[in-house]
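Worksheet: the structure to be examined is printed underneath.
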Amino acid sequence: MPLTRGELCKRGGLSSRQVGRYTVLGIIRGALRHGPGAPYDDDDLVRILATQTLLARGGDLPQISRMLYAMPDTEVYALAGVPLPVTATAEGKTEVVQAPTAPTDTRALGGDAWTRIELLPDLELFVRTQSSPMVQRIAREIITQYAHKIPPAG
């Protein structure tokens, strides 16, 4: 369910300025559109709640941004204390939405560290570990786009 910035601030316990900082750092994606009442995604709230948990454990925001980027959705939701979203299948059964596999490989290529993320069988995404928040946001958007297209295991 879309949230306005005010609702996100209230439910996440942040000021509007802090939401802006979290967006710049790549912790949250930011509003889906611009202007008053621009909607934020539920995932943004979950990432804010997970960030607060990690801050309470002594992390700093840039470090937390990198950690959340590398975590599978199941861990982010667990940190936030929020159950994973569910979806109905064609057979009417309910199942947890599958997220792409966690980054499975970090290697040095040409002196830089890269993270390999398997999106689908035969489709991988490589992201430089020290990439900018904008690149990290784009990578998360790609991951989110393919999260619902992964066939169930087995």
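Only the coordinates and a few stated rules stand behind these numbers; no lab work does. Predicted model only: the values in this text are computed from it and were never measured. All Cβ positions, glycine included, derive from the backbone under ideal geometry; neighbour counts span all protein chains shown.
Remarks
- Label-point gap, in nm, between ARG17 and VAL82 - each point 7 angstrom along Cα→Cβ: 2.5
- Inter-site label distance for THR74 and SER132 at 7 Å from Cα along Cβ, in nm: 3.4
- Modelled label positions at ASP60 and ARG116, each set 7 Å beyond Cα in the direction of Cβ, lie 3.2 nm from each other.
- If R0 equals 41 Å, the separation of the Cβ atoms of GLN52 and LEU125 corresponds to a calculated FRET efficiency of about 0.90.
- Near the amide H of ILE27, within less than 5 Å, lie no amide hydrogens of residues on another chain or at least 5 residues away, with H placed in the peptide plane.
- Close amide-amide hydrogen proximity is noted between TYR40 and LEU3, THR4, LEU32, each under 5 Å apart and 5 or more residues distant or on a separate chain (H modeled in the peptide plane; Pro and chain starts excluded).
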